[in-house]
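The values are calculated or read from the model by the stated rules, or taken from the named source; none is laboratory data. These numbers were taken from a predicted model, which means no experiment stands behind them. Methodologically, a virtual Cβ is constructed for each residue, glycine included, from the backbone with ideal geometry; neighbour enumeration extends over all protein chains shown. Side chains are part of the model used for accessible areas, which takes the heavy atoms of the whole protein and leaves out ligands, DNA and RNA. Shrake-Rupley method; radii C 1.70, N 1.55, O 1.52, S 1.80 Å.
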Amino acid sequence: MSISGKTKKLLLFTAIITALFVFLTIYSGGGKEKITFLLRPQDSSEKYELEAYVGGEIIDIEGDIGKRKYTGEEAKSELKKLSDNMNELILGNNKSLNEVREKLNLITEDKTTGARLEWSTDNYDICTYDGYINNEEFDNGESVNVTLYCIMTLGDEELAGTYNIKVVSPLMNEELSNKKRIQDEIQKNDMAAANEDKVDLPGVVDGKHVEYINKQNGKSPVLIVILGFAASAFLIAKEYQDKRNYEKNRKYELTADYPSITTKLYLLIYAGGTIISSFEHIVREYDNNIKRGRMKPRAAYEQMKKCLNNINNGMGEAKSYIKWGNDCGINEYKRLGSYLSEYLKKGTGDLKKKLRQLSSESMETAAANAKERGEKAGSKLVVPMIAMLFTVMVIVIVPAFDSFSV
């Protein structure tokens, strides 16, 4: 398989880039930075990896280094700041602590200082220790006061905080409001008819007429319509794609069989056969190969069978050849059909020369097509090759850079 000039340039460029990366990796590896201290991390402990040179010996050193500890006064100051900002830190998506409708952000660790926080409440039914709010059953305008307790610890210092919140009913749009009213009415009917076999559904809620559909036993008509349209669109798209694939495969078959058909016609006519006898011989050989399982149906040969049927049914021979070329649908067969029709009147002498020329040209075209397909196949392999190359480069380069970036 040959490689196109464009592909060769791309591979050459990739090789140059690879060589450059390897050079930089080797060069950088010799300039490791000497250090005399380690910086403590800001948040939590951090791993370190070092090379220690002792009397010409290289020793690998690794471990953890912790963040700087606060002094007693610093810890008290940081906890006081944290407590003062707590009202804003725990709000979450709520407007204020006097109007809590959604989950609170009860943090358990302050990322800046590393302080630990433990939470508790005086009403776990309404607000849990992790900030979840249970207000789904609240009536519109209902509210409950809850006290939150927090113990903050930083180093050896500890600070307790108390925060008061007011949990209110959730905001409901008209749909949610209607849903709650209907559910409340159904619950009332359920309690009133506890000894009966059925529970009546409210037909009117807040002066509005209500109808019900059992979703467990029925199918939504909207869903059925949507699924119907989706199925129709899928079938149309599939039919269109199948048609495109059929036309593509048919064109490929016709192009691939053209050199063989022109060569067979040339040899048969050169041996003294007529055009129609040559057609019959080719079709007979094709049918035998089909019966023996040597071939599958091919578009060009099937069109030749139709051409012979048209002649046998009374259509003129010249007209049948032209129709055969047009039915095949590509220019090579159209020209061949025209030549056969034209030379039918002139005799097969000049036709032999023409068929020999067409056979030679078709062979050259087939070779060019095969070469082009091979180049395309080779180009498709370039992307995976480059991806593998860069993966290997990362595996080699990253550890090299890490070794001197401490």
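Some observations on this one:
- Unmet requirement for ALA400, which otherwise passes all of (1) at pLDDT below 80; (2) open to solvent by 40 Å² or more (accessible area, probe 1.4 Å): (2)
- Members of the range 91-119 found to be open to solvent by 60 Å² or more (accessible area, probe 1.4 Å) and in contact with a Gly (Cβ under 8 Å, 6 or more places away or on another chain), listed by number: GLU102, LYS103, ASN105
- Residues being part of a loop (DSSP other than H, G, I, E, B) and open to solvent by 100 Å² or more (accessible area, probe 1.4 Å) - total across the range 175-215: 8
- Of all residues in the range 120-147, those being more than 14 Å from VAL168 (Cα to Cα), under 43 Å from the mean Cα position of the chain (by Cα) and open to solvent by less than 90 Å² (accessible area, probe 1.4 Å) number 3.
- Yes/no for ASN87 being surrounded by fewer than 15 Cβ atoms within 10 Å (Cβ to Cβ), part of a loop (DSSP other than H, G, I, E, B) and not acidic (Asp, Glu): no
- Here GLY347, GLY314, GLY374, GLY378 are screened, and the one residue that is among the small types (Gly, Ala, Ser), closer than 26 Å to ILE276 by Cα and modelled with pLDDT under 85 is GLY347.
- Flag if SER77 is within 40 Å of the chain's Cα centre (by Cα) and either at pLDDT below 80 or of a type in the set (Ser, Thr, Tyr) (or both): no
- The conditions of being surrounded by 15 or more Cβ atoms within 10 Å (Cβ to Cβ), out of contact with any His (no Cβ under 7 Å at 6 or more places or on another chain) and without any contact (Cβ under 8 Å) to a residue 12 or more places away in the chain are not met by SER232.
- Within the range 75-112, considering residues that are of a type in the set (Asp, Glu) and touching a strand residue (DSSP E or B) at 6+ places or on another chain (Cβ under 9 Å), the one farthest from GLY131 (Cα to Cα): GLU78
For every residue, the table says whether it meets (1) open to solvent by 40 Å² or more (accessible area, probe 1.4 Å); (2) farther than 21 Å from LYS345 by Cβ; (3) of a type outside the set (Phe, Trp, Tyr); (4) free of Cβ contacts under 8 Å to residues at least 60 places away in the same chain.
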site	(1), (2), (3), (4)
PRO259	no, yes, yes, no
LEU265	no, no, yes, no
ILE275	no, no, yes, no
PHE279	no, no, no, yes
MET295	yes, yes, yes, yes
CYS307	no, no, yes, yes
LYS319	yes, no, yes, yes
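- Qualifying position, being modelled with pLDDT under 90, hydroxyl-bearing (Ser, Thr, Tyr) and in contact with a Leu (Cβ under 7 Å, 6 or more places away or on another chain), among THR108, THR121, THR113: THR113
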